[in-house]
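The values are calculated or read from the model by the stated rules, or taken from the named source; none is laboratory data. Here the structure is a predicted model, which means the values were calculated and not measured. Positions of Cβ are generated from backbone atoms using ideal geometry, with glycine treated the same way; all protein chains shown enter the neighbour counts. Heads up: the accessible areas ignore ligands, DNA and RNA and are worked out on the full protein's heavy atoms, side chains in. Shrake-Rupley method; radii C 1.70, N 1.55, O 1.52, S 1.80 Å.
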Amino acid sequence: RHDEARIVGPRCTALKACYSHAMTDTQSANTTIAFDRASARSVDADGRMRVRDCVITVAEINPYFGREIPDYKRLGLNPAQVYDLYRDPAALEAAVEDFNGQPLLIRHILQTADAPRKEYVAGSVFNARWDGVNGRAALLITDRRAIDYIDSGELADLSSSYRYRADMTPITVNG
């Protein structure tokens, strides 16, 4: 049995990688490539990749081990038990602008000003907004290694990091 609770007050610390399919065209340094209508990707003349309208966060229920939940000991959570936490849409909407200017990382790691982990920075996030259902943003990928990972399909998903306070009050979501 999983306990449901909700995440309230998320504050993004970093984005980790958002891509769904590999780029197959090659381009010269002086050509801007826009992909087909189904793709949100483009590459500029300097080889930087841009991804428009990327989903960066979703109001949904996700499983977390107790040890992954902030203040789990104070909350009396079992570190080995799985808890289903609801990412509250109102909290996400209130925090979505905090994504602007955040680094895009190639690994899901803690990154701060005191420990910038520059070797994992692939680019940045901008134009973050709430569309009524999801948090969306544009991504700028400036690191060749990250672009190569995207092209190969090795990086294919996004995983946002949050600072939040867990409200462990049981709730029912969507029936």
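Okay, residues lined up against (1) in contact with a helix residue (DSSP H, G or I) (Cβ under 8 Å, 6 or more places away or on another chain); (2) under 30 Å from Gly76 (Cα atoms); (3) open to solvent by 30 Å² or more (accessible area, probe 1.4 Å):
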residue	(1), (2), (3)
Glu119	no, no, yes
Asn127	no, no, yes
Asp131	no, no, yes
Gly135	yes, no, no
Asp143	no, no, yes
Arg163	no, yes, yes
Met168	no, yes, yes
Ile171	no, yes, yes
Gly175	no, yes, yes
* Unique match (being touching a Ser or Thr at 6+ places or on another chain (Cβ under 7 Å) and basic (Lys, Arg)) among Arg129, Arg163, Arg117 -> Arg163
* Asked: What number of residues in the range 156-174 are part of a strand (DSSP E or B) and within 16 Å of Val58 (Cβ to Cβ)?
  -> 3
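Yes or no, residue by residue, for (1) over 13 Å from the mean Cα position of the chain (by Cα); (2) at positive phi; (3) modelled with pLDDT of 95 or more; (4) not hydrophobic (A, V, I, L, M, F, W, C):
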site: Leu75; (1), (2), (3), (4): yes, no, yes, no
site: Pro79; (1), (2), (3), (4): yes, no, yes, yes
site: Asp88; (1), (2), (3), (4): yes, no, no, yes
site: Ala113; (1), (2), (3), (4): yes, no, no, no
site: Ala128; (1), (2), (3), (4): no, no, yes, no
site: Leu140; (1), (2), (3), (4): yes, no, yes, no
site: Arg165; (1), (2), (3), (4): yes, no, no, yes
* Asked: Considering Leu92, Leu140, which residue is touching a residue at least 60 places away in the same chain (Cβ under 8 Å) and part of a strand (DSSP E or B)?
  -> Leu140
* Quick one: would you say Arg163 is touching a Lys or Arg at 6+ places or on another chain (Cβ under 7 Å), among the charged types (D, E, K, R) and closer than 20 Å to Glu68 by Cβ? -> yes
* Of all residues in the range 51-87, which are more than 23 Å from Asn174 (Cβ to Cβ) and surrounded by 19 or more Cβ atoms within 10 Å (Cβ to Cβ)? -> Val51, Cys54, Tyr72, Leu77
* Mind checking which residues of the range 145-161 are at pLDDT below 90, closer than 20 Å to Leu110 by Cα and surrounded by 15 or more Cβ atoms within 10 Å (Cβ to Cβ)? -> Leu155, Leu158, Ser160, Ser161
